Structure formats: structure tokens, C-alpha cells
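A short worksheet on the structure shown next.
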Amino acid sequence: MIIKFLGSGPHNPIINKKGKNKRLQSSVILEYKKIKLMIDCTPNVTKQLKKVKPDYLLITHAHQDAAGGLKLIKNVKLLTTAKLYSELKKRYSVKHLEFMKLDKIHKINGLKIEYFKVTHAKDFTTYGYKISVGNKKIIYASDFKYIPKKNEKYFRNTDIAIVDGAGWTFTVFGHQSIKGFLELSKNWKIKKIYFTQIGRRVPNYEIAQKEIKKINPNANLAWDGLRIKI
Ligand SMILES: [Zn+2]
């Protein structure tokens with residue numbers, strides 16, 4: 001499987017910087033065999049996808065940075081729960097997309113998708129996703145301030161966890177911080193952590209990366225265009 005970061009930045013994208021510090025809103029595309037699964041659909045989706053055409057779309061929550069590009073895409077199956085679908089429908093035009101109900105454990109050609117709740121913004125259902133192929137497990141949770149205790153199990157022993165890195169030392173409105181997550185997850189045996197949703201409080205890439213490595217050598221900042229093979 002290939003994971004490609006279409007964006008790794010916050011709600012208001014960071015466009016006045018260069019290279020790895022330039023960040024559009026957070027989103028990834030996973031490619032497994034012939035399936036292309038995108039997570040979140042940002043207002044910059046056209047620029048982020050270029051000619052790539054996802055087959056399925058998962059949405060973490062109904063905020064503008066995660067779902068504001070829904071009107072810009074077509075021919076993709078919106079794979080979501082009835083609850084999140086109704087929240088999306090209220091705010092965005094989704095009628096042109098095929099709705100597919102997301103089961104608690106959902107399988108598509110060898111790809112297993114599970115969703116779990118995280119705490120992000122009041123009145124917004126927010127999900128993290130666990131995606132497995134064979135014995136490999138990936139977590140994608142780009143927006144959360146807290147992980148409910150009962151859902152910590154999803155993160156434990158996972159191969160790759162892509163998580164909210166909006167804050168640096170302290171949490172920011174509705175979001176966790178990089179140092180906060182490193183502390184929280186220190187006994188979770190995550191093989192590789194990638195921070196996304198990286199906010200303006202996080203130092204520039206090289207500086208932040210160095211400091212992160214001192215705390216956990218298996219943790220990294222993501223950047224727009226990063227590809228991971230698993
Ligand atoms: Zn949000």
C-alpha cells in the first residue's frame with residue numbers, strides 16, 4: 001500500500017512558506033491494488049489530486065477544511081456513516097456523490113476499514129480511521145483534542161499512526177499538540193508516527209523534526225507530497 005499526503009496543514013493553509021513548510025489542508029490518498037481511497041476532501045482538492053481519481057472517500061468530520069471540497073469532485077463513492085452523512089448534507093452539496101454506508105468493519109477487496117470517535121469540536125461528529133491490509137495497520141486521525149480511553153486500543157501496536165500535530169507544546173482549539181501526543185502515546189508501541197494538520201505554532205520542518213526525534217526516534221512530521229510505502 002502507498003500512502004500519499006495531499007496536504008499536511010491546518011484549516012487556513014500555510015502558503016507563504018516554501019518546500020516542506022508549505023502546507024495545504026490535511027488529506028491523504030491510499031492506494032492498494034487498484035483501489036484509491038482518499039481521506040478528507042479539502043477546498044484545495046483539485047490542486048491536490050491533479051489527475052488522480054479516487055474511488056472512495058472517507059471524511060473525518062464536517063469542518064470546511066476536511067469537507068469543503070465535496071462540491072469539486074465527482075465519480076467517487078462517499079463512504080460514511082448515516083450520522084456523518086446527515087451532518088455533511090446540512091453544510092455541503094453531496095447529492096452528486098454516491099453514498100455508501102460505512103459498516104463498523106468495512107471490507108473492500110482486502111482493505112479493512114474501521115472508524116472510531118475522537119473528541120474535536122462540539123456538535124461535530126469526528127472520526128479516526130483504522131485501515132488494515134493483512135497484518136499491517138494504519139491509523140488516520142487528523143483532528144482531535146482527546147482520544148476517548150476506550151479508543152486508545154486502536155492506536156496501540158499500530159504500524160503507522162497519522163495524527164493531529166496542530167499544536168507544538170500546547171493543545172490549540174480542538175486540537176492536540178505534537179509534544180502532548182508524544183507523551184500520551186509513549187507506551188502505545190506505535191512503529192511510526194507521522195504528524196499532519198501541522199499548525200503555525202510548530203517550528204519549521206528541520207528544527208521541529210530534530211526536536212521530535214530526541215523525544216521519539218520513530219516520529220516524524222509529514223509534508224505535502226510525502227509518500228509512504230507499507
Ligand atoms: Zn476540524
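Taken together, the values in this text are just the output of simple stated rules run on the coordinates, not laboratory data. From a predicted model like this one, the values you see are computed outputs, not experimental measurements. FYI the Cβ positions are ideal-geometry reconstructions off the backbone, even for glycines, and counts take in every protein chain you see.
Side notes on the structure shown:
- Cα long-axis angle, helix 82-91 against the chain (0 to 90 degrees, to the nearest 10): 90
- In this simple spin-label approximation, Phe173 and Thr81 carry label points 7 Å from Cα along the Cα→Cβ vector, and these lie 2.5 nm apart.
- Per-residue [θ]222 nm for the chain (sum of -39500 (n - 2.57) over DSSP H runs n ≥ 4, rounded to 500): -4000 deg cm²/dmol
- Relative contact order, percent, region 32-113 [alpha-carbon distance under 8 Å, six or more residues apart]: 26
- Furthest towards positive pole of dipole, Met100, Ile139, Ile228, structure part region 2-229, Cβ charges: Ile228
- Net dipole in debye of region 2-229 [+1 Lys, Arg Cβ; -1 Asp, Glu Cβ; about Cα centre; nearest 20]: 460
- In region 2-229, Cα pairs under 8 Å separated by at least six residues give a relative contact order of 18 percent.
- Sorting 139-148, 91-100 by their mean Cβ neighbour count within 10 Å, with the most densely packed peptide first, gives 139-148, 91-100.
- In terms of overall dimensions, the C-alpha atoms belonging to region 2-229 reach 46, 39, 36 Å along their principal axes, ordered largest to smallest.
- In this structure, Asn12 and Asn135 have a Cβ-Cβ separation that, at R0 = 45 Å, corresponds to a calculated FRET efficiency of about 0.70.
- Comparing Leu70, Leu24, Leu111 in a Gaussian network model of the chain, where Cα atoms under 10 Å apart are tied by springs, the biggest mean-square fluctuation is seen for Leu111.
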